[in-house]
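Only one structure is covered here, and it is reproduced in the block below.
All of the numbers you see were taken from the coordinates with simple rules; none came from a lab. In this text the structure is predicted, and so the values were computed from the model without any measurement. Note that each Cβ is placed from the backbone with ideal geometry, even for glycine, and that neighbours are counted across all protein chains shown.
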Amino acid sequence: MSTQAAPDASAAGRDLWSSLPSPDDAGRVAPANRAEMAANLIAELAAEARSDGRLGSKDEVRLRCSVSVGTFNEALKIAQARGVVTLRRGPGGGIFAARQTPLVRLGNQMLVMDDSEHIVADALRMRNVLDPLVIEDALMYSSAADILAMREEVKAMKQAMADGDVPAFLHGNWRFQARVASISPNSMLRTVFLGLLEILERHAVTLRAPEDRPVPGLLEERFELYQRMADAMESRDRDAAMQIMNIHNNTGIQPAASPKNSDAPVTE
């Protein structure tokens, strides 16, 4: 299916790619990051302990996390919200590893792995493997409202292209995929896939265009794929949907794998 020609790209040149926030810049929000890192350490301590095992008093665990009282209290709230630990008061009280279901343990382990230098490449590989299952479920279970929601995301991406707003276009990319994944009645598939998309959106923010291809052309190609996917979903065209999925997962815009390995390309 053809689309309208890409808008004038004077505002969407290569300087837009370099203007995107880098992982280093994002990491300068120190208090929030310290609390998140401390929460991840608490999760590791809980994972190492037996179920319902005592990790220590608040002060003992705080010292192991090497953070201030205020930061530790915020980290403890995060860890409790994740279901990682419980807090007991009185004699013999303190911080205890929570009893967790296998799915809760999986989710917490993924959160702890969030700082891995290979996180983007690993998440992409898993996303690509699970994509056919997500597409199959969307073809089978999507409603008219689901198709409309996909088209709204496509419309938003088109507006982002017209505005020369590359970050908005890319966030639309992730939202479209999340819309498709949210249709699946398979709660495990849906939860894992949406978790992978969240990891990708959080980390894959340093983008670059091939030397021989302008940014507007790349965005137009991606836009057309999403538009065609919405059409395939509406017509229940499985062959077209799978073909579009394969093109999407193997071509296009390339984010850097991580700040430590920014030259390693992976498809978004």
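Here are the numbers for this structure:
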| read-out | value |
| --- | --- |
| Fully extended contour minus Cα-Cα distance, from Glu198 to Ala81, at 0.36 nm per residue | 40.3 nm |
| Pairwise label distance in nanometres, Val129 with Leu189, each label 7 Å out on the Cα-Cβ vector | 1.5 |
| In nm, spacing of pseudo-spin labels at Glu60 and Ser143 (7 Å Cα→C-beta vector) | 5.2 |
